[in-house]
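J.: Quick one: the structure is below, questions incoming.
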Amino acid sequence: MITRFFWHGLDRYVRVMVAVVLIIGLAMPLLNLLMPQSSPLYVSAYTLQLFGKYLCYASLALAVDLVWGFCGILSLGHAAFFALGGYCMGMYLLRQIGTRGVYGNPLLPDFMVFLGYKELPWFWHGFDSFWFAAPMIVIVPSVLALALGWFAFRSRVTGVYLSIITQAMTFALLLAFFRNDMGLGGNNGMTDFKDILGFSVQAPGTRAVLCFASALALAIFLAISGAIVGSRFGKALTAVRDAESRMRFLGYRVEGYKLFVFVLSAAMAGIAGALYVPQVGIINPGEFSPGNSIEAVLWVAVGGRGTLIGPVIGAFIVNFAKTYLTGALPEVWLFALGALFIGVTLFMPKGVMGLWAQYKARRARPKRTAAA
Amino acid sequence: MLSKRSLAALFSLLVSVLFAGVALAADLPGLVSNLTTGGLGDREAAITALAVSGEERAAPILEALAAGQLYVRTADKLAVIGMPAGNDLALTDAISGKPAGTATESDLDRVRINNRLRGTLDDALGTLTLMSRDPRMRRNAADSLFKRRDPASLPAIDKALAAEKDAGIKRLFNEARASMILASADASKEQKLEAIATVRDRGDGDALGMLDNAASASTDADVKAAATAAAGTVRSTLAIWGAAQNVWYGISLGSVLLLAAIGLAITFGTMGVINMAHGEMVMLGAYTTFVVQQTIRAYAPDLAEGSVIVALPLAFLVSGAIGVLIERTIIRFLYGRPLDTLLATWGLSLVLQQAVRSIFGPTNREVASPSWMSGTFQLGQLNITYGRLWIVVFALLVFAALMLLLRRTPLGLYMRAVTQNRPMASAMGIRTPRVDALTFGLGSGIAGLAGVALSQIDNVSPNLGQGYIIDSFMVVVFGGVGNLFGTLVGATALGIINKFLEPYAGAVLGKILVLVFIILFIQRRPRGLFALKGRSVE
């Protein structure tokens, strides 16, 4: 029944997108597992990993779009939520290594032995169990978003100011996680993962499942976002974006709307980060860098903010270009990225989706004049 | 029990008291012959005696001995100093200082020293410099004697004290003397009390250590009490100086923040433009300094000291011109869309960084500080580096100049008018697009000036700007947008808070705490410390 509610609440294009994501997300791992290497349809492990990574980025982009495109909150700190989710997963994965680490300590991860820890810090307890780590992946980013949003929205910090404090937040976390005293691996972060739920993270089967899980997560996020945006609540949300004061005067509790979307978006980013970590095999404080958050905003801008499909397309386009250019022409990548930022804001404020709309409008217009 | 050292002290005391001036000069050959041919004890005594003799030849002889260049000529047993000259040694008569021909090493016996003698020799050389003509040498000697607190040097310092005319150095000598008295076993109680007072008046960390030592080691109750009380006084003075030093560090950091942020305060504060490429304007200023320095080194090496001065206007022009260019080509299309401006200028910052990386390479470039910007001086117990001092002065000058520009010139008037009410200003005949371009150029130009200053204290690399952009935004937001005075207060306050947190929390945690503090502060006062009031704000 719930599925039906979601399905009917969805815009036609979003439904198509959910289906496309699910089909490709299922096909890629299957082609990797079932096709012989000689077949032209074979998907290499590298491509599969890349695809899984892009899916996680797309989820992050969707999370950014939900707050920026639909609620007007430009968060420059969403990579922090992504990284926090990733760290929760990293902590779980690190505890799974057990005695197979370099130092073979059954309780303490390698870096703690190296740094001379005598016992496990309190916040590491419980992370040996997946059923503790999994809720944490959602709870930790959500609580941070709740705290920040609660204070910020209540004191009506809006627009640029909010962007700046979210950036300050991720910067502060970046500095904090670089400290060895944090007990989270310092600047080396966490890596050398072995198992997830008893399956080796290196095994092709596990990788395929992780890739599909990322696609599934993205599809679910699309459905949830679509249902929210299409509902009355979503209408109010868009109204808050366009005329916050008027909504307030009309009697809506603007803070509540913003807080709900902000926390939901943070939770989505956290899950995306948690799926990202076992696929790339490392999490380090670099993930918190303010540049990452801004890049995520760019994906949304390229794809088209205020649409649900746009961010997914944007994340894929930009990251594909990044993978290609950093490999082929590393000098050019930052020029290209910079030019993309400038070009998109100046010439394509509605992104790729905007181009699509323009194209449709141009095709529709002559018809109407002909009819008249 | 008398140690060798106190024997030596006794001997030097005898020498300095019994023989004065002329009598000693007559004894120089005797001491030198003791030094070159005597037994170990004789040599040690001779070294100490030479050191306090006040004899002009004493220094070259002892230095030669320390360097292994003091010889005895086998033929006539003359003590000579041999300097390498080709394959041979050019000889100087050790006593008269006159040239004594050349010789090969086989004709000479080197005067050998062992480690014990070396120690005595080092002490002796330290003492010798007490009588040096160079005031700086005397200061250094007094300082090292103060720290060594060896009662054996008492006679030497007494003698030096008698001869000293400079009041400042005299005080240093007195302090060194007091340190020796405190350390000596046979000084009288009155002497010790007096010494405690002298050391207390010095009032630095060394003095504190010395007084604590005296308080714990002394057997006399009065001396103990006096030393404890003096140590307490010194401790509280030191605490005040420590706080003052922190304030200075804070002001110094604040001035850097001010320089980096003040350009931003103009573009962000008065134009509402979020310029994420502001840090790159700073970086361009720093690279301009580098280019100017290289050019001057290549074509006019004599002017190298002034390259920073030459770089100032050039950096302003370079960054300013690029700022105007950016405003005309990108930013003017984005007015009223601050979030889009943010993204576009971020992209711009990436392009500028990569451009500089492609031209100058990814590594740090070295910008030398001119001599008038290097070195430190002491103000009471404060350590102040000239470089930092100049940057503080420079930041204040830039701030004052900017205030004058905004308050007292037609351009400033236009800028303020456009900021406050664009349509009205436009209706009054102000060409607002031109004012916008100039304002943005001004903000960027000031960032360029900041770059010149930062090139003196930070690494000049393509990432230079990135390190400052978040801090700069914090300063502007904390101080209050659209208010330059707020930026000044914000920068100084954040600098000082940061430096006071550092000793307790460490540099990184201190910074984190400051960031969290600002995040919370913005919740309380979303418009900063000094908020603009009125309808134009929204």
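J.: Check B:215, B:230 and return the single one that is surrounded by 15 or more Cβ atoms within 10 Å (Cβ to Cβ), small (Gly, Ala, Ser) and either touching a Leu at 6+ places or on another chain (Cβ under 8 Å) or touching a residue at least 24 places away in the same chain (Cβ under 8 Å) (or both).
T.: Result of the check over B:215, B:230: B:230.
J.: Considering only residues that are of a type in the set (Gly, Ala, Ser) and more than 15 Å from residue B:264 (Cα to Cα), look in segment B:304-325 and name the one that is farthest from the other protein chains (Cβ to nearest Cβ).
T.: So in segment B:304-325, the residues of a type in the set (Gly, Ala, Ser) come out as B:304, B:306-307, B:311, B:315, B:319-321, B:323.
Checking which are more than 15 Å from residue B:264 (Cα to Cα) leaves us with B:304, B:306-307, B:311, B:315, B:321.
On the way: B:304: 33, B:306: 35, B:307: 30, B:311: 27, B:315: 23, B:321: 19 Å.
Step by step, filter segment B:304-325, then rank; the result is B:306.
J.: On to the next question. Would you check if there is a residue in segment B:344-357 being touching a Ser or Thr at 6+ places or on another chain (Cβ under 8 Å), assigned to a helix (DSSP H, G or I), under 25 Å from residue B:459 (Cβ atoms) and at the interface with another protein chain (Cβ under 10 Å from one of its Cβ atoms)?
T.: Within segment B:344-357, one or more residues are touching a Ser or Thr at 6+ places or on another chain (Cβ under 8 Å), assigned to a helix (DSSP H, G or I), under 25 Å from residue B:459 (Cβ atoms) and at the interface with another protein chain (Cβ under 10 Å from one of its Cβ atoms).
J.: Residues to consider are A:114, A:153, A:177, A:130; find the one that is modelled with pLDDT under 90 and of a type outside the set (Asp, Glu).
T.: A:114
J.: Quick check: anything in segment B:385-399 within 14 Å of chain A (Cβ to nearest Cβ) and over 23 Å from the mean Cα position of the chain (by Cα)?
T.: Let us first name the residues in segment B:385-399 that are within 14 Å of chain A (Cβ to nearest Cβ), namely none.
Checked segment B:385-399: no residue is within 14 Å of chain A (Cβ to nearest Cβ) and over 23 Å from the mean Cα position of the chain (by Cα).
Condition check ((1) surrounded by fewer than 18 Cβ atoms within 10 Å (Cβ to Cβ); (2) farther than 22 Å from residue A:15 by Cβ; (3) in contact with a Ser or Thr (Cβ under 9 Å, 6 or more places away or on another chain)) across all residues:
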{"residue": "A:221", "(1), (2), (3)": "no, no, yes"}
{"residue": "A:278", "(1), (2), (3)": "no, yes, yes"}
{"residue": "A:281", "(1), (2), (3)": "yes, yes, yes"}
{"residue": "A:284", "(1), (2), (3)": "no, yes, yes"}
{"residue": "A:290", "(1), (2), (3)": "no, yes, yes"}
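J.: Identify all residues within segment B:457-483 that are away from chain A (no Cβ under 11 Å) and among the charged types (D, E, K, R); write none if there are none.
T.: B:458
J.: (1) free of Cβ contacts under 8 Å to residues at least 24 places away in the same chain; (2) under 16 Å from residue B:151 (Cα atoms): which one isn't true of residue B:225, the others all being true?
T.: With (1) free of Cβ contacts under 8 Å to residues at least 24 places away in the same chain; (2) under 16 Å from residue B:151 (Cα atoms) applied to residue B:225, the lone miss is (2).
J.: I would also like to ask the following. Only one residue in B:298, B:286, B:265 is of a type in the set (Gly, Ala, Ser) and without any contact (Cβ under 8 Å) to a residue 40 or more places away in the chain, so which one is that?
T.: Unique residue meeting the criteria: B:298.
J.: Do any helices (runs of 4 or more DSSP H) lying entirely in segment A:45-129 carry at least 3 residues that are touching a Ser or Thr at 6+ places or on another chain (Cβ under 7 Å) and of a type in the set (Asp, Glu), and which ones are they?
T.: No helices (runs of 4 or more DSSP H) qualify here.
J.: Within 30 Å of the chain's Cα centre (by Cα) and surrounded by 20 or more Cβ atoms within 10 Å (Cβ to Cβ): which single residue out of B:154, B:125, B:121, B:172 fits that description?
T.: Result of the check over B:154, B:125, B:121, B:172: B:172.
J.: While we're on this one: Return a yes/no flag: does segment A:116-139 have any residue that is surrounded by 19 or more Cβ atoms within 10 Å (Cβ to Cβ), within 14 Å of chain B (Cβ to nearest Cβ), closer than 23 Å to residue A:272 by Cβ and hydrophobic (A, V, I, L, M, F, W, C).
T.: No - not one qualifying residue is present in segment A:116-139.
J.: If you take the residues in segment B:288-308 that are under 29 Å from residue B:412 (Cβ atoms) and at pLDDT 90 or above, which one is surrounded by the most Cβ atoms within 10 Å (Cβ to Cβ)? If you could, list the steps in order and put the result at the bottom.
T.: Restricting attention to segment B:288-308, the residues satisfying the condition of being under 29 Å from residue B:412 (Cβ atoms) are B:288-289, B:292, B:308.
Filter again for at pLDDT 90 or above, leaving B:288-289, B:292.
Values: B:288: 24, B:289: 27, B:292: 22.
It comes out as B:289.
J.: Of all residues being at the interface with chain B (Cβ under 10 Å from one of its Cβ atoms) and of a type in the set (A, V, I, L, M, F, W, C) in segment A:301-334, which is surrounded by the most Cβ atoms within 10 Å (Cβ to Cβ)? Just the residue, please.
T.: The extreme case among them is A:301.
J.: Okay, next question. Residues to consider are B:389, B:402; find the one that is out of contact with any strand residue (DSSP E or B) (no Cβ under 9 Å at 6 or more places or on another chain) and aliphatic (A, V, I, L, M). Full working, then the answer.
T.: Values: B:389 fails: out of contact with any strand residue (DSSP E or B) (no Cβ under 9 Å at 6 or more places or on another chain).
One residue alone meets the criteria, B:402.
J.: Also: Being surrounded by 21 or more Cβ atoms within 10 Å (Cβ to Cβ) and at pLDDT below 90 is the filter; apply it to segment B:341-361 and report the residue that is nearest to residue A:304 (Cα to Cα).
T.: That would be B:343.
J.: Which one of the conditions (1) closer than 18 Å to residue A:102 by Cα; (2) away from chain B (no Cβ under 14 Å) does residue A:209 fail to meet, given that it meets all the rest?
T.: (1)
J.: Out of all the residues in segment B:363-374, is one or more of a type in the set (S, T, N, Q), touching a residue at least 40 places away in the same chain (Cβ under 8 Å) and part of a helix (DSSP H, G or I)?
T.: Yes, because at least one residue in segment B:363-374 is of a type in the set (S, T, N, Q), touching a residue at least 40 places away in the same chain (Cβ under 8 Å) and part of a helix (DSSP H, G or I).
J.: Which of the following residues is away from chain A (no Cβ under 14 Å) and not hydroxyl-bearing (Ser, Thr, Tyr): B:494, B:454?
T.: Just one listed residue meets the conditions, B:454.
J.: Just give me the residues in segment A:253-284 being part of a helix (DSSP H, G or I) and charged (D, E, K, R), in sequence order.
T.: A:255, A:258
J.: Can you name the condition, by its number, that residue B:328 falls short on among (1) in contact with a strand residue (DSSP E or B) (Cβ under 9 Å, 6 or more places away or on another chain); (2) farther than 30 Å from residue A:292 by Cβ; (3) within 14 Å of chain A (Cβ to nearest Cβ)?
T.: Just one mismatch for residue B:328, condition (1).
J.: Checking residue B:337 against (1) in contact with a Gly (Cβ under 6 Å, 6 or more places away or on another chain); (2) within 14 Å of chain A (Cβ to nearest Cβ), which single condition isn't satisfied?
T.: Only one criterion is unmet by residue B:337, namely (1).
J.: Any idea which of A:153, A:177, A:171 is assigned to a helix (DSSP H, G or I), crowded, with 19+ Cβ neighbours inside 10 Å, within 11 Å of chain B (Cβ to nearest Cβ) and more than 22 Å from the chain's Cα centre (by Cα)?
T.: Checking each option against the conditions leaves just A:153.
J.: Now for a different question. Considering every residue within segment A:332-352, establish whether at least one is part of a loop (DSSP other than H, G, I, E, B) and in contact with a Gly (Cβ under 8 Å, 6 or more places away or on another chain). Spell out how you get there, then give the answer.
T.: If we filter segment A:332-352 for residues that are part of a loop (DSSP other than H, G, I, E, B), which is where we start, we get A:348-350.
With the extra rule that they be in contact with a Gly (Cβ under 8 Å, 6 or more places away or on another chain), the set shrinks to A:348, A:350.
Within segment A:332-352 (the criterion being part of a loop (DSSP other than H, G, I, E, B) and in contact with a Gly (Cβ under 8 Å, 6 or more places away or on another chain)), the answer is yes, since at least one residue qualifies.
The values are calculated or read from the model by the stated rules, or taken from the named source; none is laboratory data. What you are looking at is a predicted structure, and each value in this text was computed from that prediction instead of being measured. FYI the Cβ positions are ideal-geometry reconstructions off the backbone, even for glycines, and counts take in every protein chain you see.
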